Amino acid sequence: MSDMSSMLVHLDASPRSGERLALARRLAPRHGASVQALYAANSSFVELPFSLSESSELGMLALKLDGERRKRAREQFDRAMVTPGVPVGWAELEREPAIWGFVQQALYADLLVLGQREIDRAFASDLPADFLESVLLGSGKPALVLPCDSAVTSDAQRILVAWKASRESARSLFAAMPLLRGASRVDVVAWEDEDSPLTAAARDRLTRCLEQHGVTANLHWYGTAPGDVGNSVLSLAADLGSDLLVAGCYGHARAREWVLGGTTRTLLKSMTVPILMAH
């Protein structure tokens, strides 16, 4: 991806929805991007017996709960739009499953803005448990994922790139290039393993690639990869004061579910800063 001309922001009833929308609106003007918000959430009918109708007592209760969730999301959207800035379109899924419906619209966006799975029980049931990984792997689109338990106070000024010579890492790097060019500091970290040897030629190729795109980076080359790469990357991000992490999203389909790789799971579970990743 050479630009970020269209952003799709996921909205639900959780308090962090407004933060995702606000961040997208701050980033969009830098890249001449449009912003679309899409409300997608579980229907309460999913938890009811199949035989129940909407006109039943439980069915009407489910409709009421769905309406309350939508109302909370819309209120956050309306509050965010009071602040001057990029106009944002509101859209919502009808009866489509949350994952399938969101993925279908994600296919036409340059960048997705998503949230880490909520740990607050009040909002954890608003989405399928595998919503985030399913959208990341199912759409194949670059996504900016925001943490659920720490506020985003800066906008991609100090960026750490976790590099590995792989398709996923390369897609994430090039998706982030518009942000890297505008950052005040860029760091790149890499470890050597059997699949990604850190030869001098490989290091030079990456350095030249970044320079050709107008990015000067501080390079951190390490030896053998640690046993827990995910937490090592997050620790380095904290030490460097990074406010954005760029990393490949690794995973595969197994039966009817998407399964993330170990490092990707760790990053998405323990993240404290936004992560831009692509599969």
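Structural remarks
- Nonlocal amide H pairs with ASP187, under 5 Å, H built at 1.01 Å: ILE159, LEU160, VAL161, ASN218
- Of all complete DSSP H helices in the chain, those with a Cα span along the helix axis of 15 Å or greater and a mean Kyte-Doolittle hydropathy of 1.0 or more are 229-240.
- Virtual paramagnetic centre 7 Å along Cα→Cβ of ARG205, amide N under 20 Å, in the stretch 260-279: 278-279
- Relative frequency of Cα-Cα separations exceeding 31 Å in the chain, percent: 28 percent
- For GLY251, distant residues with modelled amide H under 5 Å away: GLY261
- Structure remark: mean-square fluctuation, Gaussian network model of the chain, C-alpha springs under 10 Å; the largest value among TYR39, TYR250, TYR108 belongs to TYR108.
Values quoted throughout were computed directly from the atomic coordinates according to the rules given, and no laboratory measurement underlies them. These numbers were taken from a predicted model, which means no experiment stands behind them. No Cβ is skipped: glycine too gets one built from the backbone with ideal geometry, and neighbour counts run over all protein chains shown.
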